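Novice: Below are the structure tokens for one structure; questions will follow.
Every number here is computed from the coordinates shown, using simple stated rules; none is lab data. Remember, predicted model here, so these are calculated numbers, not experimental data. Cβ sites come from the backbone with ideal geometry, for glycine too, and all protein chains shown count toward neighbours.
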Amino acid sequence: MTLGPLMLDVDGTELTQEDRELLTYPAVGGVILFARNYESPEQVSALVSEIHALRNPQLLVAVDQEGGRVQRFRDGFTRLPPLACLGELYGKDHTRAKHLAHTMGWLMAAEVRAVGVDISFAPVLDLDYGVSTVIGNRALHQRPEIVAELAHAYQSGMQEAGMAATGKHFPGHGAVEADSHHALPIDPRPYEDIAQWDMVPFERMVHYGLAAVMMAHVVYTEVDAHPAGFSRFWIKAILRDQLGFQGLVFSDDLSMEAAASVGSHTDRARLSLEAGCDMVLVCNAREQAAQVALALADYSNPVTHSRLARLHGRHAPDMSQLRANPRWGQAVAAVGGCEAEPELDLGL
């Protein structure tokens, strides 16, 4: 059985019979884990192992483990600072900032891979314009060339730990105030401004071998009437044809309010796939996820299958073996020195 184009979530820290049945639907290709799915490294490792055992090839298992406000696994994992700390350090010491970016990427990925999870949706490539309520200090910097430089080092660390990187949110989410979880952000800037600023980190990361991209639930009204994740222009004409990206394209969560204008969850999934996404996410909406899984039962894209296969994590030590590695202790100490202000969790 090949992997399908749908990534969905499960309810708790163990699989229910309903979860097991849904995850065997042909249209399902992945599972995203949230904080509610986590109690300890041992528990989540067992959960991931059970998910992986359900299918051959294995379902792709993902998590958002950026650090700062967006870190789903906490107790038993290193508490990671937001990526903005790297940008702040870059202003003082370029070399040290890039070295720490590599270390942070390695540490995040090594710990996530130690419990069997294939990918973390990182790094954020959005620019920090100081206006976004949802991006903020998740962004590395406000300058595109600095974001690209730090993200390249971060990606290298991830790859060294056996994990592919996912850049988000194309073509750039940082210039809009609205949170796409709760509203539809509108970006009225002309294409030239977006291309000269927001797209630069994505373009450079594509040349650095970026494996996956997640689209933005933002409407760029001077460019296309559709949110980017439903736009043939942004996905096919720009990301694929102009930038030459050959990796996997994820939608953002189709249950977010920013996607509601497109129609039902099934309509959203179909339009997103038709626009060029390889895999669509439907989270925190079990009934709708099941409907999408049924509606896409006959969907098949051989190119997507090969792209998905490249995202499975490579062999990694378990958590006890990782912690016994002196490099892990050195990385924890280095990352702990990147101070961050206290902040509210982004539990979405």
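Novice: Could you list, in sequence order, all residues of region 228-254 that are of a type outside the set (A, V, I, L, M) and in contact with a Leu (Cβ under 7 Å, 6 or more places away or on another chain)?
Specialist: Across region 228-254, the qualifying residues are Phe230, Phe245, Gly247, Phe250, Ser251, Asp252, Asp253.
Novice: In addition: Show the residue pairs meeting these rules: Cβ distance below 7 Å; 6+ apart or different chains; first residue within region 137-162 and farther than 16 Å from Ile119 by Cβ; second residue part of a helix (DSSP H, G or I) and among the charged types (D, E, K, R).
Specialist: Ala148/Arg204; Glu149/Lys98; Leu150/Lys98; Ala153/Lys98
Novice: Okay, next question. With (1) within 20 Å of Leu3 (Cβ to Cβ); (2) within 17 Å of the chain's Cα centre (by Cα) as the list, and Glu66 as the residue in question, which single condition is left unmet?
Specialist: Unmet for Glu66, out of (1) within 20 Å of Leu3 (Cβ to Cβ); (2) within 17 Å of the chain's Cα centre (by Cα): (1).
Novice: Step by step: first the residues of region 307-342, then only those that are surrounded by 14 or more Cβ atoms within 10 Å (Cβ to Cβ) and of a type outside the set (A, V, I, L, M, F, W, C), then the one that is farthest from Met7 (Cα to Cα). Which residue is that?
Specialist: Checked region 307-342; the qualifying residue farthest from Met7 (Cα to Cα) is Arg323.
Novice: Quick test for you: out of Val213, Val249, pick the one residue that is in contact with a Cys (Cβ under 8 Å, 6 or more places away or on another chain), part of a strand (DSSP E or B) and in contact (Cβ under 8 Å) with a residue 12 or more places away in the chain.
Specialist: Every option except Val249 fails the conditions.
Novice: Confirm whether Ile186 is buried (at least 23 other Cβ atoms within 10 Å of the Cβ) and of a type in the set (Val, Ile, Thr).
Specialist: no
Novice: When region 4-25 is examined, which residues are found to be outside any loop (DSSP other than H, G, I, E, B) and either hydroxyl-bearing (Ser, Thr, Tyr) or exposed (fewer than 13 other Cβ atoms within 10 Å of the Cβ) (or both)?
Specialist: Gln17, Glu18, Glu21
Novice: Pull up region 71-107, narrow it to residues that are of a type in the set (D, E, K, R) and farther than 27 Å from Met319 by Cβ, then point me to the one that is surrounded by the fewest Cβ atoms within 10 Å (Cβ to Cβ).
Specialist: The first filter runs over region 71-107 and keeps only residues of a type in the set (D, E, K, R), leaving 72, 74-75, 79, 88, 92-93, 96, 98.
Filter again for farther than 27 Å from Met319 by Cβ, leaving 88, 92-93, 96, 98.
Details: Glu88: 17, Lys92: 8, Asp93: 11, Arg96: 13, Lys98: 19.
That would be Lys92.
Novice: While we're on this one: Identify the single condition in (1) crowded, with 16+ Cβ neighbours inside 10 Å; (2) of a type outside the set (D, E, K, R); (3) under 30 Å from Gly174 (Cβ atoms) that Val28 does not satisfy, given that it satisfies every other one.
Specialist: Among (1) crowded, with 16+ Cβ neighbours inside 10 Å; (2) of a type outside the set (D, E, K, R); (3) under 30 Å from Gly174 (Cβ atoms), Val28 violates only (3).
Novice: A further question on this structure: In region 118-138, how many residues are among the hydrophobic types (A, V, I, L, M, F, W, C), under 14 Å from Thr166 (Cα atoms) and assigned to a loop (DSSP other than H, G, I, E, B)? Write out each step before concluding.
Specialist: Just the residues of region 118-138 that are among the hydrophobic types (A, V, I, L, M, F, W, C), to begin with: 119, 121-122, 124-125, 127, 131, 134-135.
Among the residues that remain, those that are also under 14 Å from Thr166 (Cα atoms) are: 119, 121-122, 124-125.
Now drop any that are not assigned to a loop (DSSP other than H, G, I, E, B), which leaves 121-122, 125.
Looking only at that region, the number is 3.
Novice: Can you name the number of the only condition in (1) in a loop (DSSP other than H, G, I, E, B); (2) surrounded by 15 or more Cβ atoms within 10 Å (Cβ to Cβ) that Thr304 fails?
Specialist: The number of the failed condition is (1).
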